[in-house]
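Encoded as structure tokens, the structure appears first; notes follow it.
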Ligand SMILES: NC(=O)c1ccc[n+]([C@@H]2O[C@H](COP(=O)([O-])OP(=O)(O)OC[C@H]3O[C@@H](n4cnc5c(N)ncnc54)[C@H](OP(=O)(O)O)[C@@H]3O)[C@@H](O)[C@H]2O)c1
């Protein structure tokens, strides 16, 4: 089969489409023909070496497709089943093997492209808004990169929980998309010369000087200081990524000075630990999509062979919503 392979970490060009053996199916696994692979920021961290992965490897954690064969011990899936996943290494490929814990059945009403687009960023948006900092009606949240994959979904889920959402974005098109997702106010942070002082000033102008109860920050290095200073007293910083670079070590006394702030640095896997938790989160998402209550924007689709262009677009801030690869 064809798969993207990284033999040495580095810039996007280290990825190349290669002939590799089909994956071997274990007794407790299913073999899936991949219909769509999801591109996520974590794929860029692994490809570049920011997160350590042993080389050579096939990037990608997410996708959707159709079960082609099942292992001898599998009674939870059958050939022909439509499934999706979010934590299976080697997903930039024509075929993958899945185990039960990372195999989600896709309802008939949900298209396979939409399912692939929903999994990792949707489950992230779900745990951020429902668990990392569970939002309640009347609270105000700041969501960075509001037109991104996580940003558009998180904004919709936060608004559905009754929160007021302020987002940041870097272009007119992204501002329109973010407002359509439910953002009450959109801050154009690309215009700031000094993010650390101008971001909190803009947030306080929009909140009568109070600040926000929570910042969901997946941008990281460039926004972190300004995010902390945008929080209300006893507010919570949810740092969940570093699209602009990783946040350096910092002095805990800043939480004291900022007003008894809290900070958490969550990771999706820790919020998908049991069958019940996985079924709850995925069930909420698929039901909302099927009911027309959650819009999943697929902003760009590339052939698998063009994974390099997909990563360049994502890291170049040229994408909105989800980026998919088609084998
Ligand atoms: N911890 C977890 O469980 C978890 C799970 C999923 C994703 N994440 C994190 O969530 C974040 C968003 O992921 P995503 O896949 O949905 O990506 P994305 O938001 O679709 O793309 C990243 C966005 O970040 C913004 N950005 C700001 N400064 C940037 C810079 N210097 N370089 C590149 N982008 C910049 C851009 O939006 P603007 O142009 O509008 O600024 C860009 O479109 C990432 O940090 C990712 O690691 C974490």
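The values are calculated or read from the model by the stated rules, or taken from the named source; none is laboratory data. All figures in this text were calculated on a predicted structure; none of them were measured in a lab. Every residue, glycine among them, receives a Cβ derived from its backbone with ideal geometry; neighbour counts consider all protein chains shown.
So is residue 23 more than 25 Å from the chain's Cα centre (by Cα) and surrounded by 18 or more Cβ atoms within 10 Å (Cβ to Cβ) or not? Working first, answer last.
Details: more than 25 Å from the chain's Cα centre (by Cα): yes; surrounded by 18 or more Cβ atoms within 10 Å (Cβ to Cβ): yes.
So residue 23 fits the description; yes.
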I'd like the full set of residues that are surrounded by fewer than 19 Cβ atoms within 10 Å (Cβ to Cβ) and touching a strand residue (DSSP E or B) at 6+ places or on another chain (Cβ under 7 Å), limited to segment 41-55.
55
Given (1) within 16 Å of the ligand (Cβ to nearest atom); (2) closer than 23 Å to residue 243 by Cα, where does residue 14 come up short, assuming only one miss?
(1)
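When you scan segment 223-327 for helices (runs of 4 or more DSSP H) that lie fully inside it, which ones turn up with 1 or more residues that are in the same structural domain as residue 195 (by TED's automatic domain parsing) and either surrounded by 17 or more Cβ atoms within 10 Å (Cβ to Cβ) or in contact with a strand residue (DSSP E or B) (Cβ under 9 Å, 6 or more places away or on another chain) (or both)?
Numbers: elements: 224-228, 253-257, 275-290, 307-315.
Here the list reads 224-228, 253-257.
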Given (1) in contact (Cβ under 8 Å) with a residue 12 or more places away in the chain; (2) more than 16 Å from the ligand (Cβ to nearest atom), number of the condition residue 292 does not satisfy:
(1)
Which residue is farthest from the ligand (Cβ to nearest atom), if the candidates are limited to segment 193-206 and must be touching a residue at least 24 places away in the same chain (Cβ under 8 Å) and surrounded by fewer than 18 Cβ atoms within 10 Å (Cβ to Cβ)?
204
Looking at residue 124, is it crowded, with 24+ Cβ neighbours inside 10 Å, more than 19 Å from residue 34 (Cα to Cα), in contact with a helix residue (DSSP H, G or I) (Cβ under 6 Å, 6 or more places away or on another chain) and modelled with pLDDT of 95 or more?
yes
Pairs under 6 Å by beta carbon, first residue over 24 Å from residue 103 (Cβ atoms) in segment 43-69, partner in a strand (DSSP E or B) and modelled with pLDDT of 95 or more, six or more apart or different chains?
47/6; 56/5
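Scan 38, 90 and give me the residue that is farther than 24 Å from residue 287 by Cβ and either within 16 Å of the ligand (Cβ to nearest atom) or surrounded by fewer than 22 Cβ atoms within 10 Å (Cβ to Cβ) (or both). Quick ask: steps written out before the conclusion?
Numbers: 38 fails: farther than 24 Å from residue 287 by Cβ.
Residue meeting the stated conditions: 90.
Looking only at strands (runs of 3 or more DSSP E) that fall completely inside segment 70-188, which ones have 3 or more residues that are within 23 Å of residue 234 (Cα to Cα) and in contact with a strand residue (DSSP E or B) (Cβ under 9 Å, 6 or more places away or on another chain)? Please lay out each step first, then the result.
Working: elements: 82-85, 95-99, 140-143, 164-169, 185-188.
In segment 70-188, the matching strands (runs of 3 or more DSSP E) lie at 140-143, 164-169.
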Residue, nearest to residue 189 (Cα to Cα), within segment 208-222, restricted to residues that are within 13 Å of the ligand (Cβ to nearest atom) and surrounded by fewer than 21 Cβ atoms within 10 Å (Cβ to Cβ)
222
